[in-house]
1. Based on what the data block shows, is N181 closer than 23 Å to N37 by Cβ and open to solvent by less than 40 Å² (accessible area, probe 1.4 Å)?
2. Just to be sure before I move on: is K7 out of contact with any His (no Cβ under 7 Å at 6 or more places or on another chain), more than 30 Å from V214 (Cβ to Cβ), at pLDDT below 85 and open to solvent by 90 Å² or more (accessible area, probe 1.4 Å) in the structure I sent?
3. Can you confirm whether D97 is modelled with pLDDT of 95 or more, part of a loop (DSSP other than H, G, I, E, B) and open to solvent by less than 100 Å² (accessible area, probe 1.4 Å)?
4. Which condition from (1) modelled with pLDDT of 95 or more; (2) touching a Leu at 6+ places or on another chain (Cβ under 8 Å); (3) open to solvent by less than 30 Å² (accessible area, probe 1.4 Å) is the one that D57 breaks?
5. Give region 80-94 a look and list any residue that's closer than 27 Å to E223 by Cα and either at pLDDT 95 or above or open to solvent by 30 Å² or more (accessible area, probe 1.4 Å) (or both), or say none.
6. Does any residue in region 238-249 that is modelled with pLDDT under 95 and part of a loop (DSSP other than H, G, I, E, B) come within less than 9 Å, Cβ to Cβ, of a residue that is exposed (fewer than 14 other Cβ atoms within 10 Å of the Cβ) and of a type in the set (D, E, K, R) six or more places away or on a different chain, and which pairs are these?
7. Can you spot a residue in region 205-226 that is of a type outside the set (D, E, K, R), at pLDDT below 95, open to solvent by less than 30 Å² (accessible area, probe 1.4 Å) and under 29 Å from K47 (Cα atoms)?
8. Which pairs have Cβ atoms under 7 Å, sit 6 or more apart or on different chains, and link a residue in region 111-130 that is hydrophobic (A, V, I, L, M, F, W, C) to one that is loosely packed, with under 15 Cβ neighbours inside 10 Å?
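The values are calculated or read from the model by the stated rules, or taken from the named source; none is laboratory data. Since the model is a prediction, treat every value here as computed from it, not as a measurement. Glycine also receives a Cβ, built like all others from the backbone with ideal geometry; neighbour counts cover every protein chain displayed. Side chains included, ligands, DNA and RNA excluded: accessible areas come from the protein's heavy atoms. Shrake-Rupley method; radii C 1.70, N 1.55, O 1.52, S 1.80 Å.
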Amino acid sequence: KREWGKKLCFFFLGKKKDKKIDWPAWVVKTDEERCQNLPRLFSEPTKKVYIATEKIDGTSTTFTMKQAPHRHRKMLVCSRNIVFDTPEKELRNYYKDSDGNVYLEMASKYNMRDFLDLELRLHPEWEYITIQGETYGGTIQKRSYGKEHKLAIFNFIYKEKGCAPVRYNPVEMRAHIEFANIVYGFNLETVPIVSDHFILPATCDELLNIATGVSQIDGGMREGLVFRDMDGQESFKAVSNEFLIKYHQ
């Protein structure tokens, strides 16, 4: 009945705190909508221009870093759903031909921490930067692109203080990354650009037929295409039916 007794009971028996969610709140998980689920794209045909890039059959990989004094900037490495932010998580090996965590392997192979850190030093007005790509090759999927694990970047996102996040369209992204490669000695790759001036056909079936084609990576069958508008805001994918039948049935 006493006040101190109530506080003590509440301390031990009170409402439990929600379980911590370790996914970075500023990072949007990668998952493009299929064109079959967007009938509006074909119900009112327009001449809107999209950039078409090759869809690669791999595993989604994210690297992100928030602005902070140089020595305190920390890079987070993520798969589609997991943040590898503890030693226990970092030791996980998802693919039998990996010496360790394949996502951390890509971070090291492409010097991703140095790249993100450089971007934040060059742009102190940015709150954070996020790079997202597809890790492919080896045994990552049934579709083989060769023995070597590689990373192809498809998203470059940053946010300035007081502004909405900005996502480069694929052409802008490629130009920015190629500049970093030449000037600062990085070796980053982007997903192949199939067309920088793509106008949607009249029907979804036509688009799916166009998605079937030859990969720019190795000349084999490509998984499909991803489309993004010039503002870098709208995006969706068209996955080849032939590819699905061959590799995912």
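1. In short, no.
2. Yes; evaluated as a whole, the condition is true for this residue.
3. So D97 fails the test.
4. (2)
5. Within region 80-94, R80, N81, I82, N93, Y94 meet the criteria.
6. Filtered contacts from region 238-249: H248/K142.
7. No.
8. L118/Y184; W126/E160
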